[in-house]
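The block underneath contains the structure these notes are about, expressed in structure tokens.
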Amino acid sequence: MARVFSGIKPTGSVHLGNLLGALRNWVAMQDEADAVYCVVDLHALTVPHDPDELRAATRSLAQVLFAVGLDPDRSTVFVQGHLTEHAECAWIMECTASFGELRRMTQFKDKSDGADFVSGGLFTYPALQAADILLYDTDQVPVGEDQRQHIELARDIAVRFNGRYGETFVVPEAVIPPAGARVMDLQHPENKMSKSDDGAAGTILLLDDPAAIDRKFKRAVTDSETEVRYDPAGKPGVSNLLSILGAATGRSPAEAAVGIERYGDLKAATAEAVIEVLRPVQERYHELAADPAETDRLLAVGADKARAVASATLDRVRTNLGLLPRT
Ligand code: TYM
């Protein structure tokens, strides 16, 4: 059975891009594969954060993952920082990646550009991500389009390590959905929808109520034409709405356009489809949020299952690297 691994950061609030680009695939893949999913709290430390908010966001994100349909009996769901193996393996990944490779990462360039404080961890972030993936002998990594470069780096690290020290790591591949892989901001359709624009009119949060969703779609930026047509380069706003409508209703963007004549109708149809997708997720989330102790119990079970795999891989890595065995 194939091994699937992916992760999500507990910074900001989960949004529609996370759901359509990644989480829906995570849920689908837990039936076909041995699936391991992780809330990557250590990655959240790469930017300034508030400790109380991080603690709350980590648990709340785990509840969102269960609410979207991850089943703790069918997949392993855990918090990265509950295992010491990830940080230990990350050091080894840093020593395997080159400075030039890390410097070429576009996410680092985007996040460091103009920031007051750029941590060393922000620079080595993709090495920790490679550790996450490679510790689980991962075959497939379901992610949105923006993570493609990081997965490529994890592949390159695995191949280099295997070449230098003998077969150690499985070389993973990214799995990117045909629709919804890059959901754009509703106000700035040239930018991807993102968590950092918390509360902004261009981001649909998973826990937004129907009125807020309706309002955000009504105000979505389109263009000065009137034709509903899928053309991402020429009509980014309209095309983003069609992509969302298609992804929410299981169709391609072009199919979603059939029968819609006016921008107002497109916005209303997209809002309605998204509200329907989110309704059951929100109901389950509120049930789970009422019982934090149960969430923590599920995460402890997940951490034990994850540790069994990760520690075996790390033993193999240490041996092949020539680290003196611990007795
Ligand atoms: P993160 O937390 O930013 O995003 C989680 C997942 O959501 C996808 N995504 C999107 N998909 C479509 N449209 C968007 N606008 C959009 N925004 C985000 C992301 O592609 C991602 O799949 N570095 C990762 C977390 C990570 C990870 C890993 C992922 C850490 N270790 C190991 C895979 C494997 C991140 O910051 O994702």
Using modelled amide H (1.01 Å from N, peptide plane; none on Pro or chain starts), what sits under 5 Å from the amide H of Ala174, excluding residues fewer than 5 places away? Val141
Summing -39500 (n - 2.57) over every DSSP H run of at least 4 in the chain, dividing by its residue total and rounding to the nearest 500, the 222 nm mean residue ellipticity is -16500 deg cm²/dmol
Among the lysines, which have Cα under 29 Å from the Cα of Lys195 when same-chain residues fewer than 8 positions away are ignored? Lys9, Lys109, Lys111, Lys216, Lys218, Lys235, Lys267
Comparing Gly259, Gly17, Gly144, which has the greatest mean-square fluctuation in the GNM of the chain with Cα pairs linked when under 10 Å apart? Gly259
Looking only at GluC sites (Glu not before Pro) in DSSP loops with at most 13 other Cβ atoms within 10 Å, what is the longest site-free stretch of the chain? 33-166
Expected sort for Met1, Met193, Met105 with the fewest Cβ neighbours (10 Å cutoff) up front is Met1, Met105, Met193
Please give the length that would be gained between Val258 and Asp50 if that part of the chain were fully extended, namely 0.36 nm times their separation in residues minus their C-alpha to C-alpha distance (nm, one decimal). 70.2 nm
Let me know the whole percent of all Cα-Cα pairs from segment 5-123 that are separated by more than 18 Å. 59
Kirkwood Rh over alpha-carbon pairs of the chain, then Stokes-Einstein at 4 °C and 1.567 mPa s: what D in µm² s⁻¹, rounded to an integer? 63
Taking 0.36 nm per residue of separation between Glu152 and Glu225 and subtracting their Cα-Cα distance, the length gained on full extension comes to 22.4 nm
What FRET efficiency do you get for Asp304 and Arg74 if R0 is 22 Å and r is their Cβ-Cβ distance, rounded to the nearest 0.05? 0.85
With Cα atoms, 0 to 90° folded angle of helix 263-289 axis to the chain main axis: 40
How much of the pair distance distribution for segment 210-287 lies past 14 Å, counting alpha-carbon pairs only, in percent? 59
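Computed from the coordinates by the stated procedures, all read-outs in this text should not be read as laboratory data. Every value quoted in this text rests on a predicted model; they were computed, and no experiment measured them. Methodologically, a virtual Cβ is constructed for each residue, glycine included, from the backbone with ideal geometry; neighbour enumeration extends over all protein chains shown.
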